1. Which residue out of 291, 206, 192 is assigned by TED's automatic domain parsing to the domain that holds residue 175, touching a strand residue (DSSP E or B) at 6+ places or on another chain (Cβ under 7 Å) and closer than 21 Å to residue 177 by Cβ?
2. From the list 117, 153, 128, 141, exactly one residue is closer than 13 Å to residue 313 by Cα, touching a strand residue (DSSP E or B) at 6+ places or on another chain (Cβ under 7 Å) and either assigned to a helix (DSSP H, G or I) or modelled with pLDDT of 95 or more (or both). Which is it?
3. Taking the conditions exactly as written (within 19 Å of the chain's Cα centre (by Cα) and crowded, with 23+ Cβ neighbours inside 10 Å), does residue 258 satisfy them or not?
4. Tell me, please, whether a residue that is under 20 Å from the mean Cα position of the chain (by Cα), outside the structural domain of residue 7 (by TED's automatic domain parsing) and surrounded by fewer than 19 Cβ atoms within 10 Å (Cβ to Cβ) can be found in the stretch 213-223.
5. Can you name the condition, by its number, that residue 190 falls short on among (1) within 30 Å of residue 23 (Cα to Cα); (2) assigned to a loop (DSSP other than H, G, I, E, B)?
6. What is the residue count in the stretch 85-106 for residues that are outside any loop (DSSP other than H, G, I, E, B) and either over 24 Å from residue 148 (Cα atoms) or at pLDDT 90 or above (or both)?
7. As an exercise: evaluate residue 271 against (1) buried (at least 18 other Cβ atoms within 10 Å of the Cβ); (2) assigned to a helix (DSSP H, G or I) and give the number of the one condition it does not meet.
8. Of everything in the stretch 274-295 that's over 15 Å from residue 127 (Cα atoms) and under 17 Å from the mean Cα position of the chain (by Cα), which residue is surrounded by the fewest Cβ atoms within 10 Å (Cβ to Cβ)?
């Protein structure tokens, strides 16, 4: 059985999978608020020991591998996180799960989402731009939520290979006079203005305050609450400044996605994911996203031909991390099976 998790700055999604003929099927799954726990080990203990459905689902069986998509950069098995409140300790986690270090896979959460794309069904996507299908071209994924994540799917001649990116930490590139004034305003309090400072939950309140500092909503709410209220007000057309904020955000986000497509030559397609995109799904098809995405003279027509899809299934990172864990232990499991047959 495979334990898998999507470990984000706001919420965590854990699942146990069972393999059937090379395919993984969910046995049990549950979601948690990240800040309710002091460590990943505590979260997993809660998942296994305090959930009766989980205990019943895996009774008498053991976890053979674990994979986690985590909100941060993974270097040599160690996590460097910006939005995650924990320090991950692979050795402690291995002891808690009764696994060896090599049986646990840590990967960037957006890279995990990208790894799960080919396991999803066609109805798990919403197409924003049909574009021109190029199956052997590079692809890319950009996810906006508590932070901003990007991942690249390089075509290596046989298949797409996922590579993480820290594009969210790159400098925000303003295009219009209004965006330039936003950067000038934010630089009064920020040492530098990154893409994540704009294209994450906390970006909505910053944009809203810049557009009209005299309009306030939930004064005690955090970034997540503020972003939720601003987007809801915009979708229901109850606050003109919120409507302007969401339009500003979507237009600039489309431009950043187009920049990303150019940097990696993602002619095979761009995928949008993350909690924010799903919350504003009703707005996206009628928005300026695709127009600002392709507004890159002299390559407008090239970018206009790139397929753009929204990932609707929030389980994509859990699925991607689970398959990564399965790949990590499959040679050992197959070796054991061959040894048994030899006897």
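The values are calculated or read from the model by the stated rules, or taken from the named source; none is laboratory data. Since the model is a prediction, treat every value here as computed from it, not as a measurement. Cβ atoms come from the backbone with ideal geometry, glycine included; neighbour counts cover every protein chain shown.
1. 192
2. 117
3. Yes, satisfied.
4. For the stretch 213-223, residues under 20 Å from the mean Cα position of the chain (by Cα), outside the structural domain of residue 7 (by TED's automatic domain parsing) and surrounded by fewer than 19 Cβ atoms within 10 Å (Cβ to Cβ): present.
5. (1)
6. 13
7. (2)
8. My answer is 279.
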